[in-house]
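Some notes on the structure that comes next.
Only the coordinates and a few stated rules stand behind these numbers; no lab work does. Please read these numbers as outputs of a predicted model, since none were measured by experiment. Glycine gets a Cβ as well: all are built from the backbone with ideal geometry, and neighbour counts include every protein chain shown.
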Amino acid sequence: MNSGVRIVGAGPVGAVCALALCQQGIAVQVLEAQPEAARADGRTLALSYGSQLILERLGVWRRLQDVTPITRIHISQRGALGVTRLTAEEVDVTALGYVLPYATLTAALKQALAEAEIAVEYGVAVTGIESDAAAATLHTDDGRRLAAPLVVVADGGRGDAASKVRAAPAPKLQRDYEQLAVVCEVQTELPHDNQAYERFTPQGPAALLPKGDRYALVWTASHADAERIAALDDAAFLAELYRHFGGRQGLFLSASPRKTFPLKLAYVGSTAADRVVRIGNAAQTLHPVSGQGFNIGLRDAWELASLCGDASPDALGNAAMLAAYARGRRVDVLGGVGFTDFLVRVFSNDIAPVRHARGLGLLALELCPPLKNFVARRMIFGARG
Ligand SMILES: Cc1cc2nc3c(=O)[nH]c(=O)nc-3n(C[C@H](O)[C@H](O)[C@H](O)COP(=O)(O)OP(=O)(O)OC[C@H]3O[C@@H](n4cnc5c(N)ncnc54)[C@H](O)[C@@H]3O)c2cc1C
């Protein structure tokens, strides 16, 4: 085995990276701030078909119960013409994506880490990182210093493990959308038949993702509006959702308790310092429109592990390897960042000429199968389509 890599954070991206490195024969240690018994939050993830293939190769996919395929996506804008429908058959895949609870994924990954006998220390927070051209050293909150030829920061962009010792890198791109996502599950009158909806409105995009026999709802709106919506009682919430979304699925019959998540764009990029690489949300935090965030993070983890596997033990984590990683990920990551930012900004307004142009864009996509195929494949597989 090569000398080890240390990973900060056992969220889904850190865990996938650890499993992929282990498959490459590289020793890994993961440090996770949360205790082992911590419960994941209630968000729902839409995984692309490409992500499913990666999880299959890591032996994680077969552990996942509770997964609902998306075979069709209906994209529209409220109050204007223009609809696009994507189907799995058109792209020649069994499903365009899969919907599952974040908690299901993290539980399956935790089990896979344990079975692969990967060293994970739960309840240990990294408080700082020092590094130079030779090695990186992690400082932990229980007073240890742990050196490694490569440290992978997969802390979700919240912990800022690097900040205590070395200034955290400033985001190269940053935008506060001044929106919150209101998230819950809803029961509709008509069965979902594995169809997802992405509906653009001047207040922000809203998505319905088929999940079991219900829909997972991600409804984005301005802070004030989202807080008001989340506080509505069930009957008022369902009526407002119907007005917002329309009647394609019949009435909305019931809703689970609502939660809100703040939304922002922060693109830091992969490298923070010598021997340190940032992946997943630590490198880029995206708006959830079109469900790109984790899918890109998973490709970060997979590509990094592949490069580590190809590197000689001496080259693991050196400047040339990290530069090759940053180069390799640039198009995919910036493509995802640009795509989601474009969707939010271009669709979240009610300026008449822009509204008509959007309608024409959706229509053009609908009427031009090669263009539709191009967009769908990029959503599924990333820049390598
Ligand atoms: C409402 C909503 C809906 C979304 N929907 C989708 C979707 O449909 N599809 C999709 O692809 N993406 C979606 N996303 C994005 C997706 O949730 C994230 O991209 C993904 O969770 C990022 O994973 P991660 O492992 O990088 O970070 P996280 O999931 O945040 O995990 C980071 C881990 O690091 C640990 N940690 C933090 N600091 C430290 C420290 N100092 N020391 C040790 N450990 C530390 C944390 O405890 C945590 O376990 C959505 C996001 C939101 C908010």
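Points worth noting:
- Listed by chain and number, the aspartates and glutamates whose C-alpha is less than 18 Å from the C-alpha of LYS110, apart from same-chain residues fewer than 8 away, are GLU32, GLU36, ASP41, GLU56, ASP66, GLU121, ASP155.
- Sorting 50-60, 35-45, 323-333, 205-215 by average packing, meaning the other beta carbons within 10 Å per residue, from highest down gives 205-215, 50-60, 323-333, 35-45.
- Virtual spin-label span in nm between ARG144 and ALA170, 7 Å along Cα→Cβ: 3.6
- Inter-part distance, the range 103-163 to the range 275-291, computed on C-alpha centroids, equals 16 Å.
- Distance between the 7 Å Cα→Cβ label points at ALA134 and GLU178: 5.1 nm.
- Likely footprinting exposure, ASP141, ASP300, ASP132, fewest C-beta neighbours within 10 Å first: ASP132, ASP141, ASP300
- All Cα pairs of the chain, percent lying beyond 34 Å: 28
- Rounded to whole Hz, the Karplus (6.51, -1.76, 1.60) HN-Hα couplings of the range 60-70, x for glycine and proline: 8, 4, 5, 7, 8, 8, 6, 10, 10, x, 9
- If the segment from CYS368 to GLU117 were pulled out straight at 0.36 nm per residue, it would be longer than the present Cα-Cα gap by 85.4 nm.
- Placed amide H near ILE7: partners under 5 Å, 5+ positions off or other chain: GLN29, VAL30, LEU31, VAL152
- Annotation: extensible slack from ALA236 through ARG63 equals 58.4 nm (criterion: 0.36 nm per residue apart, minus Cα-Cα distance).
- Overall, the chain carries a charge dipole of about 760 debye about its Cα centre when +1 sits on the Cβ of Lys and Arg and -1 on the Cβ of Asp and Glu, all other atoms neutral.
- Expected 222 nm ellipticity per residue - DSSP helices of 4 or more, -39500 (n - 2.57), all of the chain, to 500: -11500 deg cm²/dmol
- Backbone HN-Hα couplings from phi across the range 235-249 [Karplus 6.51/-1.76/1.60, Hz, Gly and Pro as x]: 4, 5, 5, 5, 5, 5, 5, 4, 5, 6, 9, x, x, 4, 9
- FRET efficiency, GLN23 to ALA315 (Cβ-Cβ, R0 22 Å, nearest 0.05): 0.70
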